[in-house]
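What follows is a set of notes on a single structure, which appears directly below.
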Protein chains: 4
Amino acid sequence: MSTNSFGRIFTVTTWGESHGPALGAVVDGCPPGVALDETMLQGWLDRRRPGQNRYTTQRQEPDRVEILSGVFEGRSTGMPIQLLIRNTDQRSKDYSEISDRFRPGHADITYWQKYGIRDYRGGGRSSARETAARVAAGGVARAALASLLPDLQITGYMVQMGPHKADRSRFDMAEITRNPFWTPDAGAAETWEGYLSQLRKSGNSVGAVVEVVASGVPAGLGAPVYGKLDTDIAAAMMSINAVKGVEIGAGFDAAMLTGEENADEIFMGRDGPEYSSNHAGGILGGISTGQQIVCRFAVKPTSSILKPRRTITRAGAQVEIVTRGRHDPCVGIRAVPVGEAMMACVLLDHVLLHRGQIGGNVGETRGRIG
Amino acid sequence: MSTNSFGRIFTVTTWGESHGPALGAVVDGCPPGVALDETMLQGWLDRRRPGQNRYTTQRQEPDRVEILSGVFEGRSTGMPIQLLIRNTDQRSKDYSEISDRFRPGHADITYWQKYGIRDYRGGGRSSARETAARVAAGGVARAALASLLPDLQITGYMVQMGPHKADRSRFDMAEITRNPFWTPDAGAAETWEGYLSQLRKSGNSVGAVVEVVASGVPAGLGAPVYGKLDTDIAAAMMSINAVKGVEIGAGFDAAMLTGEENADEIFMGRDGPEYSSNHAGGILGGISTGQQIVCRFAVKPTSSILKPRRTITRAGAQVEIVTRGRHDPCVGIRAVPVGEAMMACVLLDHVLLHRGQIGGNVGETRGRIG
Amino acid sequence: MSTNSFGRIFTVTTWGESHGPALGAVVDGCPPGVALDETMLQGWLDRRRPGQNRYTTQRQEPDRVEILSGVFEGRSTGMPIQLLIRNTDQRSKDYSEISDRFRPGHADITYWQKYGIRDYRGGGRSSARETAARVAAGGVARAALASLLPDLQITGYMVQMGPHKADRSRFDMAEITRNPFWTPDAGAAETWEGYLSQLRKSGNSVGAVVEVVASGVPAGLGAPVYGKLDTDIAAAMMSINAVKGVEIGAGFDAAMLTGEENADEIFMGRDGPEYSSNHAGGILGGISTGQQIVCRFAVKPTSSILKPRRTITRAGAQVEIVTRGRHDPCVGIRAVPVGEAMMACVLLDHVLLHRGQIGGNVGETRGRIG
Amino acid sequence: MSTNSFGRIFTVTTWGESHGPALGAVVDGCPPGVALDETMLQGWLDRRRPGQNRYTTQRQEPDRVEILSGVFEGRSTGMPIQLLIRNTDQRSKDYSEISDRFRPGHADITYWQKYGIRDYRGGGRSSARETAARVAAGGVARAALASLLPDLQITGYMVQMGPHKADRSRFDMAEITRNPFWTPDAGAAETWEGYLSQLRKSGNSVGAVVEVVASGVPAGLGAPVYGKLDTDIAAAMMSINAVKGVEIGAGFDAAMLTGEENADEIFMGRDGPEYSSNHAGGILGGISTGQQIVCRFAVKPTSSILKPRRTITRAGAQVEIVTRGRHDPCVGIRAVPVGEAMMACVLLDHVLLHRGQIGGNVGETRGRIG
């Protein structure tokens, strides 16, 4: 299977470079009959689109998605869906320097070492632009999930920028779209605004932590032992550019808990089991519990910065590099819709895999309780 | 592809339950001609084996591995290698209670909900016993890597137990095998000993963080964008029982860094590029840099504890549960050899995938520098 | 994915050599709750078992299958099912000569050239004994299909031995189990008996054509364009030892037909579309029509014969070879149950894949007619 | 894995419908550094292009291929290569009737039954136009193979049209490009010309047999037992529209041979083993012998014909259908370049898989002889 693909039944294959004519995704395995058009996908892409405020790259890309196949008269046909996004704002001159110098912290050097050739313009295949294709594919997944899991809500937001963590006691999900950082903590948004402006002016960048929560996921999605729902979520999130860590539920904090503290006690509710807490992040043994799926991932700071860093050229000469281009001071911001899209793709794939092996209607569990 | 399989060329499929007649792994895609016998594999299994000290389960399992295929006259033939481990110590009575009650924090309930049937004896397929098969498979991977990457060293160790972190300034890798916790910090080992004895006596358990480091990995292993080396490592580690988080290099701490701090500066060394630091954990853009691969994963506390927890029965009755059996007070300890094994499998798979697509000798990069 | 595996959701991975301690299959993706025990599987294996009459190898292998995992209290759990068959009649001395000489028409030479090592005892991995594992896996598939496609009937039989074709006008399916050749043409059985006795005495062997028919398959199984039902059947059959050709429906005869002749005209029947003929073999565009699935495959003659043939040794010396062992004079006979098993595996996989992507009950089509 | 994909390392995913805006293929796993441009691919596409003579459809499609990714400065980068072919000659009115009536022998009815929706224009996804994407992908495979297997020659040609077989004693490979039927038998070309003109005038169509031969393939490509080279070739060819049978080497004729006749005797040649004959078609035990790979496939007659056939409508009404459009009277003709392309893709994939698992240079066998 292509290393540029993921998924078992609902599969996504992305292709394209930052400064080639276009990039996109082929999405296959979508159920037939799903209402789908370019406008629906565009809505998701617009959330990720750069240049919307001064905290993201000023590169102007309309990121207009075209559906080239697999949709007929407004509905999916079950055939592969080709999603194409043309690259329009290709100021290749911005990147001339990096054709020869390797940006520290960037894939420039490893692509060169591995392949002996690379499209250095704008990072080529390793550019965060590739995530536009993921968001488009995620839009297809959401459209299919709309009828399969009607209660599903996927919500991504930033919970940390640099050293500044959002305060969960102040969380108000309605705030997420009211600030440029997709954070439910209006107070944090204020702090981050000042902090990031400062960094941006000094030509620096900073990391972030993004949380993605899916509610309305029924119990029973997932599979032992290498196709666990959390394994697939971890892979999906870690595959996003600049991500360096992924955790589910309590995550790394679970290491600090005792078994007594960590066990989410179970109670019999009206509609099935209920839990006293959700350290598990909605997944036990790789299979969803019916609680919220909670996942977080850490995004490293953009490596393309104005601060001079020491590096080498292809010829091995010791030099300094300053990356002028138009870069995101905190790439974590635009990772929010990408994380949501990846969650959607993984969930749809597991819904299809589940009804493939187990059968029955989605959300119907085989083992009755009560 | 089976959800009980992983790998692209070097593939591992595990099977078996805790209290069935046997469990094991089919390993395929191993290069031919690799020197291999049961004794070599047994060495790795013995490190994971329970009952070796009072900090792991007192269940006595010899975990004797048998090679049923794929090896002829002491060398791999390139055919599937079936590794079989018989289950011998099956005191099913220990588990009678859990046939009906769901342990909080355990896969009992989700397996039941998904499948409507489960081998409840000892956790069945969700038992940590499944990891014995991983360790055996990892032994095969290591045997193959011995000639492919002769400088490779994979070292796993515990860096945190509950709230107690090991102190990196005291790290001495020679200490790892001298304490029951696989930690390079002798001081931490002492602290943990008292801490864990206390917990064990009170019938409680605790989480841990394990670090796995691979040195001697050449630049160039990995692939964009869903087959990244770190993506595959993250999936491999997250698939281990009880793991709730995975990070590479600086991991979640990368979120706190600025781009200036995070960029590992590059210098021209005698044998190629060298780096001022390793925040990247040896991987840039999903491809190895030639630095140490550094990965950490968080293991939650064992959910089978003597502390009474509230739960429900299959009939929906509200009850308490106390899991008597013989369980690891800190399952993170035995996760150390498992993490190493998973790292070995992922690395071998990427070595084979690399020479498949790129060709050339392993460790030879296509893009010359200097 | 392992080259020793096939299937998308219902996957089969076989392992083992002819003269190692055992061989078997790991079957994954089986729906949970399927009634399954060793006796059921043994019934299928007994049909393939050698030594039952003088027209198959006299090697005495009980081919006793053991279920090591994935079945609990008589029902599948949805976990991997390990099927193990011990090798008992291992007269390795029979094969001593072939450790050095390559049998013409046999995989001896190519395995040696590719791997540089091979378990030459009895053909090792390339032995037809591997097909025992397929038959066991097929037994699992049939058990699952029993409830999914209750009208399904898979029937394999021989339609040609050497130059002697069976006569379709004499076909009586009740005859199949009454002769040693699994043929529905009693007259052919008589002819073949004399013909094969002659060949066997002279130490020669002969090829055959096997037909496998599946009835009771609903319309709608299959997928474009590389996962076609006929593509998967072709791959499944071609992967059986000694198979050199596969055809669906009219097969190679379709090349001789005009479009007018070949078009199976469609009529509206009581329960849906009916067809005037079945040149398509029950598959159009890779998707089942609801008619009988008809497939044929050609089996070459056994290459292990008593007739001396010229060959070379590993050292390159020109020699003659006579293979004494105990071999099938017409390996096509025992390929009949193997072909049935492969058909069962492919059909189950497509049933699961179909309900995965499309949903609904099996046999329910999305597009209504009439 | 997508059912619209094939390949293990060199993977091809095609997408698109006959009358949508475009169709194409994403090709991944191509080695980096391969010289590649649109002109090279266009050469292969032009051979398949319709409307070149009166024996193929008169539909005028330039089939101009665009490379949207994965190629930089004239060389492959190792990234996914998106090949796009716009659909220009979309006279949808030609197909209005078939939106409601199912053509006998066509995928119209099964797509409808399976998906409940279909792009009926020109056959949509089931159109033979999909094979243009295969030819483009095959062009990439050939470009990569040029340096990997410099002696490789892949030659496809027609050996039978309707009841008229070509005469092997008259074969002259130089003739292939001199007649509109890609046949090496000039005499057959003459016969077929008259025969097909007649059929075309009467609005009928006819089947054909195509042979594809690959020479210059080293010994050792392939793998047991479900990833056999012949298994993958069989699947590749069977996946082509209208193909109903595939055979390797002697194929179905092998059923008529005795073991004595079928065994290709082995001799020690100057550069390795040589064979007295090639009944095996260059493959033993699923692994190439170094002889010519010989494969044949049967193509059924086009189902879109002017001859009226009885069928039903979606409403279940009994009607007649006459397909006016512009169709190939013998679709086998244009299947020749498609079969070559599929062979190229399968061979490249196995070359990469081989050097992945086995290592070494291509064409270098591990087991020495002589």
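The values are calculated or read from the model by the stated rules, or taken from the named source; none is laboratory data. Just so it is clear, the model here is predicted, and its values are computed rather than measured. Every residue, glycine among them, receives a Cβ derived from its backbone with ideal geometry; neighbour counts consider all protein chains shown. Areas reflect the complete protein model, heavy atoms only, side chains present, ligands, DNA and RNA absent. Shrake-Rupley method; radii C 1.70, N 1.55, O 1.52, S 1.80 Å.
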Counted residues, region C:271-304 - those being within 7 Å of another protein chain (Cβ to nearest Cβ) and charged (D, E, K, R): 1
Residue match in region B:222-233 (condition: among the aromatic types (Phe, Trp, Tyr) and in contact with a helix residue (DSSP H, G or I) (Cβ under 9 Å, 6 or more places away or on another chain)): yes
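Would you point out which residue out of C:Ala174, C:Ala280 is outside any loop (DSSP other than H, G, I, E, B), modelled with pLDDT of 95 or more and at negative phi?
C:Ala174
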Residue within region D:15-32 that is among the charged types (D, E, K, R), crowded, with 20+ Cβ neighbours inside 10 Å, at pLDDT 95 or above and touching a strand residue (DSSP E or B) at 6+ places or on another chain (Cβ under 8 Å) present: yes
Hey, C:Gly78 surrounded by 23 or more Cβ atoms within 10 Å (Cβ to Cβ), in contact with a Leu (Cβ under 9 Å, 6 or more places away or on another chain), farther than 25 Å from D:Arg8 by Cβ and in contact (Cβ under 8 Å) with a residue 40 or more places away in the chain or not: no
Of all residues in region A:164-198 being more than 25 Å from A:Val322 (Cα to Cα) and among the hydroxyl-bearing types (Ser, Thr, Tyr), the one that is surrounded by the fewest Cβ atoms within 10 Å (Cβ to Cβ): A:Ser169
Checking C:Arg54 against (1) of a type outside the set (S, T, N, Q); (2) in contact with a Leu (Cβ under 8 Å, 6 or more places away or on another chain); (3) at pLDDT below 95; (4) open to solvent by 10 Å² or more (accessible area, probe 1.4 Å), the condition it does not meet: (2)
Contacts under 6 angstrom Cβ, first residue in region C:324-341 being at pLDDT 95 or above, partner open to solvent by 30 Å² or more (accessible area, probe 1.4 Å), 6 or more apart: C:Val336/C:Trp182; C:Pro337/C:Arg47
Residues that are touching a Cys at 6+ places or on another chain (Cβ under 8 Å) and crowded, with 24+ Cβ neighbours inside 10 Å, drawn from region D:204-213: D:Ser205, D:Val206, D:Gly207, D:Ala208, D:Val212
Enumerated strands (runs of 3 or more DSSP E) restricted to region D:287-341, each holding at least 1 residues that are within 26 Å of D:Ser239 (Cβ to Cβ) and of a type in the set (Ser, Thr, Tyr): D:309-312
Selection from region C:255-270 of residues that are within 7 Å of another protein chain (Cβ to nearest Cβ) and open to solvent by 10 Å² or more (accessible area, probe 1.4 Å): C:Met256, C:Leu257, C:Thr258, C:Glu260, C:Asn262, C:Glu265, C:Phe267, C:Met268
Selected residue [surrounded by 17 or more Cβ atoms within 10 Å (Cβ to Cβ), more than 9 Å from chain B (Cβ to nearest Cβ) and not hydroxyl-bearing (Ser, Thr, Tyr)] from C:Leu68, C:Leu36: C:Leu36
Subset tally (residues that are open to solvent by 20 Å² or more (accessible area, probe 1.4 Å) and at positive phi) for region B:105-115: 0
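Being basic (Lys, Arg) and buried (at least 23 other Cβ atoms within 10 Å of the Cβ): is that true of C:Lys201 here?
So C:Lys201 does not fit the description; no.
If you check D:Val331, D:Val246, D:Val346, which single one turns out to be of a type in the set (Val, Ile, Thr) and at the interface with another protein chain (Cβ under 7 Å from one of its Cβ atoms)?
Values: D:Val331 fails: at the interface with another protein chain (Cβ under 7 Å from one of its Cβ atoms); D:Val346 fails: at the interface with another protein chain (Cβ under 7 Å from one of its Cβ atoms).
Of the residues listed, the single one that is of a type in the set (Val, Ile, Thr) and at the interface with another protein chain (Cβ under 7 Å from one of its Cβ atoms) is D:Val246.
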Residue identified as in contact (Cβ under 8 Å) with a residue 24 or more places away in the chain and under 18 Å from C:Asp232 (Cβ atoms) among D:Ala280, D:Ala242, D:Ala214, D:Ala208: D:Ala242
Single match in D:Val206, D:Val294, D:Val246, D:Val217 (criterion: in contact with a Ser or Thr (Cβ under 8 Å, 6 or more places away or on another chain) and either of a type in the set (Phe, Trp, Tyr) or within 27 Å of D:Gly363 (Cβ to Cβ) (or both)): D:Val217
Single unsatisfied condition, C:Phe252 versus (1) open to solvent by 20 Å² or more (accessible area, probe 1.4 Å); (2) touching a Leu at 6+ places or on another chain (Cβ under 8 Å); (3) at the interface with chain D (Cβ under 7 Å from one of its Cβ atoms); (4) not hydroxyl-bearing (Ser, Thr, Tyr): (2)
Hits in region D:220-246 - residues which are among the polar types (S, T, N, Q) and either open to solvent by 10 Å² or more (accessible area, probe 1.4 Å) or closer than 23 Å to D:Thr302 by Cα (or both): D:Ser239, D:Asn241
Search result, residues across region A:118-148 that are open to solvent by 10 Å² or more (accessible area, probe 1.4 Å) and of a type in the set (A, V, I, L, M): A:Ala128, A:Ala143, A:Ala146, A:Leu148
Number of the exception - D:Lys114 against (1) at the interface with another protein chain (Cβ under 10 Å from one of its Cβ atoms); (2) under 19 Å from D:Arg309 (Cβ atoms): (2)
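Residue-wise test of (1) more than 20 Å from the chain's Cα centre (by Cα); (2) assigned to a loop (DSSP other than H, G, I, E, B); (3) within 13 Å of chain B (Cβ to nearest Cβ); (4) not basic (Lys, Arg).
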{"position": "A:Ser2", "(1), (2), (3), (4)": "no, yes, yes, yes"}
{"position": "A:Ile9", "(1), (2), (3), (4)": "no, yes, yes, yes"}
{"position": "A:Thr13", "(1), (2), (3), (4)": "no, no, yes, yes"}
{"position": "A:Gly20", "(1), (2), (3), (4)": "yes, yes, no, yes"}
{"position": "A:Pro31", "(1), (2), (3), (4)": "yes, yes, no, yes"}
{"position": "A:Arg47", "(1), (2), (3), (4)": "no, no, no, no"}
{"position": "A:Gln52", "(1), (2), (3), (4)": "no, yes, no, yes"}
{"position": "A:Glu61", "(1), (2), (3), (4)": "no, yes, no, yes"}
